[in-house]
Amino acid sequence: MLIPSLVLDLDPIRRADRKWSVYALIAYWFSDAFNAATWEFASSIIAIGLSYKDAVGIVATAFIIVSVVISLNGATGVLYHAPFPVLARAGWGFWGSYGMPILPSLGL
C-alpha cells in the first residue's frame, strides 16, 4: 500500500494509470532530438566541412549511444528499487556521493 505524501505530484503513479506505450517513448526521444543543442551540434559538424548526411549520421549515432547509457543507468534503479543516492554511495562512498550533483553543473 502506498502512503500518500503531502504533495500529490510526488506520489508514484498507480500501475493502472500508467499510459506510456512504445509509441510514447519513441515520440519522447524523437522530441528530445529537436532542441537548440542538437541543432547547434549538427550545424557545427557542417561548419567544419562535413556534409549534412554525415551530420545526420553522427547525431543519430550519438543519440543511440546516449540513450543506451541512460537506459542502463536507469535500469539499476528499476531492477533493484534503489534510488540514485543509494547507487551513488555504493559507487563513490558517502562523501564522494556529494560530488555527483555538482558534476553535471560543471559540464563533466
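Quick note: the coordinates plus some simple rules give every number you see, no bench work behind them. This is a predicted model, so every value here is computed, not measured. Every residue, glycine among them, receives a Cβ derived from its backbone with ideal geometry; neighbour counts consider all protein chains shown.
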Calculated Cα extents along the principal axes in Å (choose from (1) 57, 39, 25; (2) 54, 41, 25; (3) 98, 44, 17), label: (1)
Apply the membrane-span-like helix rule to the chain: whole DSSP H runs, Cα extent along the own long axis of at least 18 Å, mean Kyte-Doolittle hydropathy at least -1.0. List the helices found. 52-80
With at most 15 neighbouring Cβ atoms within 10 Å, loop chymotrypsin sites (Phe, Trp or Tyr not before Pro) (DSSP) excluded, longest segment of the chain: 35-108
Given the Cα-Cα distance of Phe94 and Ser31 and 0.36 nm per residue of separation, how much length would full extension add, in nm? 19.0 nm
